[in-house]
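Below you'll find the structure, written out as structure tokens, and then a few comments.
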Amino acid sequence: MPTIRIGEADIHYREAGSGSDVVVLLHAFPLHSEMWAPQLAALAGRFRVIAPDFRGLGRSHPAPAASTMDLLANDVIFLLRQLGIRRAAVAGLSMGGYVALELYRRAPGLVRGLALCDTRATPDTEAQRSTREAYARSAMERGLPFVADDFAPRLLRPDPDPGTLAAVRRIILGGTPEGVAAAQRGMGLRPDSVPTLPLVTCPTLIAIGALDQLTPFGEAQRMAQTVRGSLLLRIPNAGHLPNLEAPAPFSAALSRFFAALPADASRVEEPQLPG
């Protein structure tokens, strides 16, 4: 499983498939790229699929003080540049959706198509930021077993499959307390993406599990109403992680959406990296 160096960090990523049609998968909090295993297998026959770990989660190290969306989007841009990829379709789930929106803001010419899954465009309130800070401190004090026990059930439907719940717990335990804390703080600092939505011009799919306990369906509806021409998909019998609870229909929907993207023949401006 390859790793690239970005500044002081080693960024790990998974890769499957080949060819010029690239799909980038951005994972949820507090998981890492292993959550995309069903999609890596399902999409690899048609696309080159890249799934990075965010800093401090999975095998990307070290964690920063705060994993801001700007920092994580920069990591994705740098990774794709190092891999010689100039255009890609991007799917982000939950926290990965926040990063996908920041990536589009930073480098719209990089994004051929956008799938925003079980995520939202609105920023945190002050109360939500305070809750995130408290959770960050608890993660540091109590460790990953606390995070896995507390958060895994919330990521799934109310009556989760025991095997899926165990898999989600195991993936969470593959991170670090520092990475969990950094992600919570970074999500609390994320900008308001609502003004970005009407500026999105690439084909866009907005998907959400019908039994999502963390993202209200209204959030997905509002995004779909604001992004011109977007498609809205509600996935039955799945919670916040439909890619794991309903992997076959979720993967099929992504594959159909990405396969239908217009042929890529446009000139691409290089995104600017800080520093």
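Brief remarks follow.
- The length gained on full extension between ALA166 and GLN221, counted as 0.36 nm times the residue separation minus their Cα-Cα distance, comes to 16.7 nm.
- Cα pair distances exceeding 25 angstrom across the stretch 4-110, given as percent: 10 percent
- Among the trypsin sites (Lys or Arg not before Pro) within the stretch 33-118, those in coil by DSSP and having at most 15 neighbouring Cβ atoms inside 10 Å are ARG46.
- Sum of side-chain charges, GLU245 neighbourhood, beta-carbon under 12 Å (Lys, Arg +1; Asp, Glu -1): -3
- GNM remark for the chain: springs join alpha carbons under 10 Å apart, and the peak mean-square fluctuation among PRO145, PRO242, PRO203 falls on PRO145.
- All Cα pairs of the chain, percent lying beyond 23 Å: 48 percent
- Full extension of the segment from ALA210 to ARG5, taken as 0.36 nm per residue of separation minus the current Cα-Cα distance, would add 69.9 nm.
- Inter-probe distance in nm under a simple model that places probes 7 Å from Cα toward Cβ, at GLU126 and ALA263: 5.6 nm
- Comparing GLU34, GLU178, GLU141 in a Gaussian network model of the chain, where Cα atoms under 10 Å apart are tied by springs, the biggest mean-square fluctuation is seen for GLU141.
- Zero-based 5 Å bins, Cα pair distances in the stretch 48-200, whole percents: 2, 9, 17, 21, 20, 16, 10, 4, 0
Rule-based calculations on the coordinates, nothing more; no lab input. As the structure is a prediction and not an experimental result, all values here were calculated from the model. Reconstructed Cβ throughout: ideal geometry from the backbone, glycine too, with neighbour counts over all protein chains shown.
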